[in-house]
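A short reminder: the numbers here are calculations on the coordinates, not readings from a lab. Since we're looking at a predicted model, the values are computed, not measured. Reconstructed Cβ throughout: ideal geometry from the backbone, glycine too, with neighbour counts over all protein chains shown.
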Amino acid sequence: MNIHIFDNAEQIGAAVGEMLISAVNNDPDISLGFATGASPVPTYKYLIKAYDEGKVSFKGVTTFNLDEYCNLPKSDKNSYYSFMHDNLFDHIDIKEENVNFLNGNAEDTEDECKRYDALIAEKGIDIQLLGVGRNGHIGFNEPSDKFTKGSFRVKLSESTINANSIYFDENPMPRYALTMGTVSIMKSKQIIMIATGEAKKDAIYGMVHGDITPVCPASVLQLHPNVHIFLDKDAAVRL
Ligand code: GLP
């Protein structure tokens with residue numbers, strides 16, 4: 001694991017932004033896995049600024065998002081579809097047809113997960129951006145007694161509901177989501193994880209120094225050959 005510790009989230013956004021910009025400039029048809037939540041927002045801001053300044057184009061880029069809530073309209077401001085469009089896609093030249101999400105409103109969620117996994121298998125993911133939950137979840141792979149494989153429907157944990165319900169003021173927060181599985185995430189050629197704030201310190205400790213166990217899903221990243229972890233001082237305090 002390559003661990004990079006910075007003073008604040010803006011510096012992390014710039015460092016990860018620069019990594020992604022050079023990756024896109026080296027391979028304009030790159031496939032990127034994106035994450036939602038507060039952690040990647042400074043990176044997305046940095047990418048938008050670089051795009052505005054003519055330093056990068058996303059015309060050939062394909063993206064796969066990690067997860068999506070179930071039974072939340074795509075148009076709801078809290079859907080991950082809306083999140084990605086509001087925070088990145090609407091501000092750059094990415095093609096809508098190259099942007100991929102799990103459909104949390106699909107009638108048959110098993111079929112939907114198979115569709116998504118087949119697309120990922122066909123295209124591959126060159127770089128997967130990740131955040132981490134306070135309980136060590138990646139995507140929405142919650143602590144469990146076994147590691148997950150491909151995409152699946154998950155019941156969200158109380159920890160995740162507590163952490164994310166602050167965003168839900170109109171509709172109640174969904175209790176289920178669709179997420180890429182752990183094996184799909186691990187198949188990405190490179191993984192970039194971002195975590196900031198003291199609330200993440202135990203998850204970060206478990207991820208870096210703990211046993212490799214599905215009780216802390218992020219700990220599986222110890223087995224990946226190309227992981228970069230970007231932390232602020234608060235998230236890194238137990239390392
Ligand atoms: C959410 C998302 C994850 C995200 C994590 C951390 O529940 N499903 O993909 O990485 O929790 O979010 P944040 O960056 O807001 O702390």
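Taking every DSSP beta bridge with both residues inside the chain, roughly what % is antiparallel (nearest 5)? All intermediate terms of the calculation are to be shown ahead of the outcome.
Numbers: 8 of 30 bridges.
The antiparallel proportion sits near 25 percent.
Bridgeable lysines around Lys49 (alpha carbons under 19 Å apart, same-chain partners fewer than 8 residues away excluded): Lys59, Lys95. Taking one quarter of the surface of the convex hull spanned by the alpha-carbon atoms of the chain gives a direction-averaged projected area of 11.8 nm².
Each label point was placed 7 Å from the Cα along the Cα-to-Cβ direction; for Leu239 and Glu110 their separation is 4.2 nm.
In summary, the aspartates and glutamates within cross-link reach of Lys189, defined as a Cα separation below 13 angstrom excluding same-chain residues under 8 places away, comprise Asp126. Sparse packing (at most 16 other Cβ atoms within 10 Å of the Cβ) combined with a DSSP loop state is found for the following GluC sites (Glu not before Pro) in the range 102-201: Glu107, Glu170. Placing a label point 7 Å from the Cα of Glu10 along the Cα-to-Cβ line, the residues of the range 203-239 whose backbone N sits under 19 Å from it are 231-235.
To the nearest 20 Debye, how big is the dipole of the chain about its Cα centre, given +1 on the beta carbon of each Lys and Arg and -1 on that of each Asp and Glu?
520
Straight-distance candidates among the lysines for linking to Lys200, with alpha-carbon spacing under 17 Å and chain neighbours fewer than 8 residues away dropped: Lys233.
If I take every Cα pair under 8 Å that is 6 or more residues apart in the range 80-239, average their sequence separation and divide by the length, what percent do I get for the relative contact order? Mind showing how you got there, number by number?
Numbers: 257 pairs, mean separation 40.1, N = 160.
It comes to 25 percent, rounded to a whole number.
If the range 49-190 were replaced by its equivalent ellipsoid, with semi-axes equal to the square roots of 5 times the Cα gyration tensor eigenvalues, what would those be, largest first, whole Å?
Details: eigenvalues 116, 74, 45 Å².
Largest first, the range 49-190 gives 24, 19, 15 Å.
Two tests apply to each whole DSSP H helix in the chain, Cα reach of 18 Å or more along its axis and mean Kyte-Doolittle hydropathy of at least -1.0, and the ones passing both are 9-26. Between Val183 and Asn2, how high is the FRET efficiency from 1/(1 + (r/R0)^6) when r is the Cβ-Cβ distance and R₀ = 22 Å? Nearest 0.05. The formula returns an efficiency of 0.50 here. Footprinting exposure proxy ranking of Met1, Met19, Met193, fewest other C-beta atoms within 10 angstrom first, gives Met1, Met19, Met193.
Around Ile3, what is the net charge, scoring Lys/Arg as +1 and Asp/Glu as -1 over all other residues with Cβ under 14 Å from its Cβ?
+3
Post the alpha-carbon centroid distance, the range 20-34 to the range 39-70, in whole angstrom. If we compute the Cα centre of each part, the gap is 10 Å.
The residues neighbouring Tyr176, those whose beta-carbon lies less than 9 Å from its own, together hold a net charge of +3 under the Lys/Arg +1, Asp/Glu -1 convention.
What number comes out for the charge environment of Arg238, summing +1 per Lys or Arg and -1 per Asp or Glu over other residues with Cβ under 14 Å away?
0
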